[in-house]
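The values are calculated or read from the model by the stated rules, or taken from the named source; none is laboratory data. From a predicted model like this one, the values you see are computed outputs, not experimental measurements. Virtual Cβ from ideal backbone geometry, glycine too; neighbours counted across all protein chains shown. Surface areas here come from the heavy atoms of the whole protein model, side chains and all, with no ligands, DNA or RNA. Shrake-Rupley method; radii C 1.70, N 1.55, O 1.52, S 1.80 Å.
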Amino acid sequence: MDILASLSWMKVSDIGTLSLFLLLGMFVLLAIGMPLGFASAFLAVATLVMKFGPELLFRDFGRGPMSVLGQAVYRQMTNYVLISVPLFIFMAALLERSGIARDMYSSLNVWLSRTRGGIAIVTSLMAVIMAAMSGIIGGEVVLLGLIALPQMLRLGYNQNLAIGTICASGSLGTMIPPSIVLIMYGLITETSIKALFTASFLPGFMLASFFVIYIIVRTQLDPSQAPLPEPDPDDPAGSEKGLMFLGFLARFTLWASAVIFLRALFFTVTGANQVTEGVEPILLGMVSDLPWIAGAFGLALVIIYFVVGRERTAKGWEMGRGLIAPTVVIGVVLGSIYGGITGITEAAGMGVIAVFVIGLIRREMTFEIVWDSLIRTLKSTGTIIWVTIGAAALAAAYTLSGGPTYVANLILGAELPTMGIIFVMMLIFLIMGMFMDWVGIVLLVMPVFLPIVTKLPVEELGYFGTLEPRHVAIWFGVVFCMNMQVSFLSPPFGPAAFYLKSVAPAHISLTDIFRGFLPFIAIQLLALTVLLIWPPIVTLFL
């Protein structure tokens, strides 16, 4: 009893003082090199001790506030959707080690090799496809650094343009489904992950198109930024290449429409596509879809036999066959989700199986590749899990202490306009993104910020158009992901820079890499601004 009385000075009743201690404590612990997960867990216990007194650790240990802490961690760890995270990481690792990505790059390069800035455009397009397959950022940057950077430097591309294109495009996995950031946001905020995926489609591709437009404009204004390679005598002429590409698309459409038609026919025969009130129709699987699918099949036949010709189509298919495997993986993952076949977790598992089977067919899936991919998955998942445990505990401790209410009153008490509050939150996200991993930010900050956002007047969100109240959490999640997209390039700890540095030539320094980021950070901020001033952009597909 005397010992507990002597420790009574540790108790802090003022939540403002406690909040300041947490903020300073987090910076100090991270500055001395403590991992974020352990720092968060330590501060979680320290918060409860300071709020409820040191007897918390000695009397009825494991009950009361400490019990709530354990329940919060248990709730996060037993969420079924969390299983999708290691599955997507494993799929990304398999893709990185196999030759699927390299063949995809070669096929894209065939079509755009004679375009000014074509290699950079190919890199951006490849990043979009990679993001739609796995949603893992680090692997994309490393893979693009290994494949695209040497080629761009060899052809005389501007170094800053090459670096910025690789890192900015490689981080598109933050925005484009199946994004791990969106999955974690949905888990923490109990928002529909499928709705988040649907809402992020347009903003993600908008950002990717901004990158491509910037590359085209920059290289057209200054051709020395991206010299054209020497012409290949075997390379078909422009119109001939265009017809071959049309033939490739027609043949792909032929096969795809045949598979989709058989699928829709199966649903029709089994009665699985009956129109039922309150149940979403099966995507491209309803009776009303059959004529359209058959029409696409017929149009593809007409193009192959009467427009392009079978010989050109065969050549075009050979030139573009590297795009088939990635398209199959994307179709399996996203098609199973939006087709109503599986949930997020099952789709991740199906994606892994698809990549594994494709690797076996291509005779590239060796024991060494699988084992190395499993080890990488274990390391990456372990980091995310530990951060999740620590941050969930800290968020629960801070909530028990009354922190969210204090922060909400502090922000609302400033009497800022609605968009002023949103801009303050964006600034906090940007600053935190310079020093912290996105997992910690979404776990620590979102339980505080989202309740504030949902209580703001919905008609005052943005400047053009209005959101429905049920879409506010979805919009804020997409905005948060766009903000985290910026954080991957933000100095001093932008992770994309360190990913690229690990595979870049020795003469490229971290300073060079961060210098190459600057125009692309401005583009990301422009895309973030679009989401803020026109919120309904995220609901167009909902």
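Values for this structure:
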item: Selected residue (only one of PHE201, PHE197 is surrounded by fewer than 23 Cβ atoms within 10 Å (Cβ to Cβ), part of a helix (DSSP H, G or I) and under 12 Å from the mean Cα position of the chain (by Cα)); result: PHE201
item: Any helices (runs of 4 or more DSSP H) falling wholly within segment 267-367 and containing at least 3 residues that are at pLDDT 85 or above and under 21 Å from the mean Cα position of the chain (by Cα); result: 324-338, 344-361
item: Which numbered condition THR342 misses (of (1) open to solvent by less than 40 Å² (accessible area, probe 1.4 Å); (2) free of Cβ contacts under 8 Å to residues at least 60 places away in the same chain; (3) within 14 Å of ILE100 (Cα to Cα)); result: (3)
item: PRO469 vs. criteria without any contact (Cβ under 8 Å) to a residue 24 or more places away in the chain and touching a helix residue (DSSP H, G or I) at 6+ places or on another chain (Cβ under 9 Å); result: yes
item: The listed residue being open to solvent by 30 Å² or more (accessible area, probe 1.4 Å), closer than 21 Å to ALA325 by Cβ and among the charged types (D, E, K, R), out of ARG114, ARG97; result: ARG97
item: Number of positions in segment 371-406 that are open to solvent by 30 Å² or more (accessible area, probe 1.4 Å) and not hydroxyl-bearing (Ser, Thr, Tyr); result: 11
item: Count of residues meeting criterion [surrounded by fewer than 24 Cβ atoms within 10 Å (Cβ to Cβ), farther than 21 Å from LEU542 by Cα and in contact (Cβ under 8 Å) with a residue 24 or more places away in the chain] in segment 204-214; result: 3
item: Segment 486-542: number of residues that are touching a Leu at 6+ places or on another chain (Cβ under 8 Å), under 19 Å from ILE474 (Cβ atoms), modelled with pLDDT of 85 or more and open to solvent by 20 Å² or more (accessible area, probe 1.4 Å); result: 2
